[in-house]
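Participant: Supplied in structure tokens, the structure appears directly below.
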Amino acid sequence: MSRRKHLVAPSVLSADFAHLYDDIAMINQSDADWFHIDIMDGVFVPNISFGFPVLASIAHYARKPLDVHLMIVEPDKYIKQFKEAGADNITVHFEACTHLNRTIHAIKELDCNAGVAINPHTPVSLLHEIVEVVDVVCLMSVNPGFGGQKFIEGTYRKIKELRSLAAGRNDSLLIEIDGGVSSHNALALLKAGADVLVAGNFVFAAKNPIHAIAELKGITPDLVSA
Ligand code: DX5
Ligand code: ZN
């Protein structure tokens, strides 16, 4: 059975911020599907990235959807501003939301796609009541906060669990994998059931980022025998 083509989302966190326009133009020209934008507040995660002015500047030049990953506490306070700054998808962390159902509906009311991310220690089973109402589940395959970390192998099992949790209840759910994704694990991730591959270090540390993106996009799990 053929499946929908997976998506590739380069993580701008690993870009050269002094030459951000060049990296945006590179992603525009590449086979990438989305821009993955990491917002970190120094509270939910032990790092601070960037905020609205940088996101709005990226949005001004980006020609592909902006997938905004909020690693912040109290995301409800800011989702409207993220929409106004150009977000197309807004993903909040399960661990940061006391009223996750309300937050997801608030994102959808802004006409954004809504995502929920879970940290490596958070079990997929906790998504039981939310899996029907989200567009994207982002499985963190590193502890969030930094690019360039080592992929956590338990992610494969979580992808399979999530696919079966969503089966028949949300068949259009996109399973996104974020952290330590490279050409070494991409095929196995897609075979396990991933739909979106986020990649920061693998793309931006490559000699030729356009080729690195094409490599991730060009993988065809259907053609490889299981
Ligand atoms: C980590 C971020 C990721 C990160 C991925 O907290 O959410 O999006 O930029 O970077 P790599 O692919 O280098 O692990
Ligand atoms: Zn991310």
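Participant: Mind checking the full-extension length gain between Arg63 and Lys80? Use 0.36 nm per residue of separation minus the Cα-Cα distance, one decimal, nm.
Facilitator: Value of the extension gain: 4.0 nm.
Participant: Run the quick spin-label model on His121 and Asp171: label points 7 Å from Cα toward the beta carbon, then report their separation in nm to one decimal.
Facilitator: Spacing of the two 7 Å Cα→Cβ label points: 3.8 nm.
Participant: Can you list residues from other chains, or at least 5 along the same chain, whose modelled amide H is less than 5 Å from the amide H of Gly179?
Facilitator: Those lying under 5 Å, H to H, from Gly179 are Ser141, Val198.
Participant: Continuing with the same structure: What accessible area per residue, rounded to a whole number of Å², is obtained for the chain using a probe radius of 1.4 Å?
Facilitator: 46 Å²
Participant: Shifting gears a bit: Residue by residue through region 105-113, what is 3J(HN,Hα) from phi via Karplus (6.51 cos²θ - 1.76 cosθ + 1.60, θ = phi - 60°)? Round to whole Hz and write x for glycine and proline.
Facilitator: Result, rounded to whole Hz: 5, 5, 5, 5, 5, 7, 6, 9, 6.
Participant: Using a Förster distance of 35 Å, how high is the FRET efficiency between His211 and Phe52, based on the Cβ-Cβ distance and rounded to 0.05?
Facilitator: Taking R0 as 35 Å, the efficiency between His211 and Phe52 is 0.60.
Participant: Counting Lys and Arg as +1 and Asp and Glu as -1, each charge on the Cβ, what is the dipole of region 149-216 about the Cα centre in debye, to the nearest 20?
Facilitator: With Lys and Arg at +1 and Asp and Glu at -1, about 180 debye.
Participant: When you take every Cα atom in region 159-226, what is the radius of gyration, and what is Dmax, the widest Cα pair distance, in Å?
Facilitator: Rg and Dmax of region 159-226, Cα atoms, are 13.0, 42 Å.
Participant: Let's see if you can work this out: charge +1 on each Lys and Arg Cβ, -1 on each Asp and Glu Cβ, no other charges. What is the dipole magnitude of the chain about its Cα centre, in debye to the nearest 20?
Facilitator: For the chain, the charge dipole is close to 460 debye.
Participant: Where in region 107-130 is the amide nitrogen less than 13 Å from a point lying 7 Å along the Cα-to-Cβ axis of Gln149?
Facilitator: 118-122
Participant: Follow-up. If you roll a 1.4 angstrom probe over the protein chains with everything in place, what fraction of the accessible area of the chain belongs to carbon and sulfur, to the nearest %?
Facilitator: Ligands and nucleic acids excluded, carbon and sulfur reach 54 percent.
Participant: Here's something else I'd like to know. Cα centroids of region 127-188 and region 61-77: how far apart, whole angstrom?
Facilitator: 18 Å
Participant: Using packing as a proxy for protection, rank 40-46, 13-19 so that the peptide with the highest average count of other Cβ atoms within 10 Å comes first.
Facilitator: The densest-packed peptide leads the list: 40-46, 13-19.
Participant: Read phi for every residue in region 29-38 and hand back ³J(HN,Hα) as whole Hz from Karplus 6.51 cos²θ - 1.76 cosθ + 1.60, θ = phi - 60°, with x for Gly and Pro.
Facilitator: Per residue, the Karplus-derived 3J(HN,Hα) values read 6, 7, 7, 4, 9, 10, 8, 9, 10, 9 Hz.
Participant: Determine the principal axes of the Cα atoms in region 7-217, then give the extent along each, sorted from largest to smallest and rounded to whole angstroms.
Facilitator: 42, 37, 30
Participant: Something else: Among Val131, His99, Asn113, pick out the residue whose Cα is farthest towards the positive end of the charge dipole of region 54-139, where Lys and Arg carry +1 and Asp and Glu carry -1 on C-beta, about the Cα centre.
Facilitator: Comparing the listed Cα positions along the dipole, Asn113 ranks first.
The values are calculated or read from the model by the stated rules, or taken from the named source; none is laboratory data. The shown structure was predicted, so the numbers you read here are calculated from the model rather than taken from an experiment. Every residue, glycine as well, gets a Cβ built from its backbone with ideal geometry; the counts of neighbours run over all protein chains shown. Side chains included, ligands, DNA and RNA excluded: accessible areas come from the protein's heavy atoms. Shrake-Rupley method; radii C 1.70, N 1.55, O 1.52, S 1.80 Å.
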